[in-house]
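To start, the structure itself, in structure tokens.
The values are calculated or read from the model by the stated rules, or taken from the named source; none is laboratory data. Remember, predicted model here, so these are calculated numbers, not experimental data. Reconstructed Cβ throughout: ideal geometry from the backbone, glycine too, with neighbour counts over all protein chains shown.
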Amino acid sequence: MNYQKIFSNIYSNLKNESDTGQVADYIPELSYVNPNQFGVHLATIDKQGFAFGDAEKRFSIQSIGKVFSFVMAYARVKSDIWKRMDLEPAGTPFNSLVQLEYDQGIPRNPFINAGAIVVCDILISELQSPKEEILSFIHSLSENNDIQYNPQVANSEKQTGFRNYALVNLMKSFGNIKNDIESVMNLYFDICSIEMSCRELSETFLFLANHGVVPHSGERILSPSRTKRTNALMQTCGFYDEAGQFAYKVGLPGKSGVGGGIVAILPERYAIAVWSPRLNRKGNSHKGMLFLEEFTTQTKLSIF
Ligand code: GLN
């Protein structure tokens with residue numbers, strides 16, 4: 001399939017879309033990004049790559065990082081992870097506090113902020129040096145050792161992360177945070193601050209399209225069954241209170257971040273990453289969603 005041609009066709013229609021989105025500015029450091037950038041990269045499990053626009057430009061992956069930390073925790077503690085969080089769509093914004101009180105400190109799923117914060121708590125208990133080990137996990141998945149945290153972004157979020165601190169304190173009061181709050185939140189903000197390009201993200205997510213095995217190295221990251229389940233979680237919980245819309249319009253498991261990135265996978269075929277910094281009101285990339293909707297429509301490839 002000529003993905004390259006499809007990309008430029010879709011983009012030339014999308015260019016004229018009057019973009020209603022807004023760059024995330026609740027994290028001050030993210031507001032400095034040039035909002036008009038746009039990149040996409042598709043990597044296939046048989047090692048082909050198709051790029052368009054700013055596909056090599058690194059951006060803040062934000063909540064896309066929640067997939068890496070979840071996979072690391074899930075591979076270690078296996079189904080015990082479900083003693084600490086649920087696996088149901090939240091239907092509320094990513095940083096909502098409401099449900100957490102009703103559910104006595106048990107987050108609805110690992111891809112909302114509360115769930116990802118518990119995942120960080122688990123990794124601190126499980127790993128010797130979580131910050132270094134998470135980065136080397138990403139380095140080995142991507143075969144790229146210069147992917148880094150951005151300390152300015154992490155620090156900017158830490159200074160303004162009042163809702164995230166509210167979430168962690170509420171969960172601590174219910175006994176669902178075992179380590180000290182500062183170390184858990186430092187790790188959480190660090191993971192959100194990782195910077196990667198569309199190419200790096202799409203290549204790094206390929207193991208989820210390949211039954212848990214990294215195509216270029218043959219390394220198994222997750223069992224086929226846990227890979228299927230991780231993809232199911234991305235499908236049902238990867239877009240917060242827009243997960244239904246994404247399934248309906250795009251039809252692929254995926255994960256978004258407030259840096260404007262979206263990664264999605266088609267099992268046994270490809271991983272695709274798209275980046276456009278302006279977000280819709282649900283905190284997902286406005287043009288990224290439109291692009292992927294058109295992409296799965298034109299290619300007639302989705303999981304449905
Ligand atoms: N770092 C962001 C936060 O905690 C992540 C949110 C997101 O990307 N949806 O608010």
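Quick notes on this one:
- Here the helices (runs of 4 or more DSSP H) wholly within region 198-304 that include at least 1 residues being of a type in the set (Gly, Ala, Ser), within 16 Å of the ligand (Cβ to nearest atom) and crowded, with 18+ Cβ neighbours inside 10 Å are 243-249, 286-299.
- So Ala264, is it among the aliphatic types (A, V, I, L, M) and touching a residue at least 24 places away in the same chain (Cβ under 8 Å): yes
- The one condition from (1) in contact with a Ser or Thr (Cβ under 8 Å, 6 or more places away or on another chain); (2) under 22 Å from Ala209 (Cα atoms) that Ala24 does not meet is (2).
- Condition check for Asp25: within 16 Å of the ligand (Cβ to nearest atom), in a loop (DSSP other than H, G, I, E, B) and at pLDDT below 95: yes
- The set of residues in region 173-197 that are surrounded by 16 or more Cβ atoms within 10 Å (Cβ to Cβ) and without any contact (Cβ under 8 Å) to a residue 24 or more places away in the chain is empty.
- Residues of region 114-141 satisfying the condition of being surrounded by 23 or more Cβ atoms within 10 Å (Cβ to Cβ) and either part of a loop (DSSP other than H, G, I, E, B) or within 14 Å of the ligand (Cβ to nearest atom) (or both): Ala114, Gly115, Ala116, Ile117, Val118, Val119, Cys120
- The set of residues in region 2-25 that are in contact (Cβ under 8 Å) with a residue 12 or more places away in the chain, loosely packed, with under 14 Cβ neighbours inside 10 Å and within 18 Å of Asn284 (Cα to Cα) comprises Glu17, Thr20.
- Count - residues of region 56-108 that are more than 15 Å from the chain's Cα centre (by Cα), of a type in the set (S, T, N, Q) and under 27 Å from Thr160 (Cβ atoms): 3
This table checks each residue for (1) part of a helix (DSSP H, G or I); (2) within 16 Å of the ligand (Cβ to nearest atom); (3) of a type in the set (Phe, Trp, Tyr); (4) at pLDDT 95 or above.
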{"residue": "Glu29", "(1), (2), (3), (4)": "yes, yes, no, yes"}
{"residue": "Val40", "(1), (2), (3), (4)": "no, no, no, yes"}
{"residue": "Phe52", "(1), (2), (3), (4)": "no, no, yes, yes"}
{"residue": "Lys66", "(1), (2), (3), (4)": "yes, yes, no, yes"}
{"residue": "Ala73", "(1), (2), (3), (4)": "yes, no, no, yes"}
{"residue": "Asp86", "(1), (2), (3), (4)": "no, no, no, yes"}
{"residue": "Thr92", "(1), (2), (3), (4)": "no, yes, no, no"}
{"residue": "Ile106", "(1), (2), (3), (4)": "no, no, no, yes"}
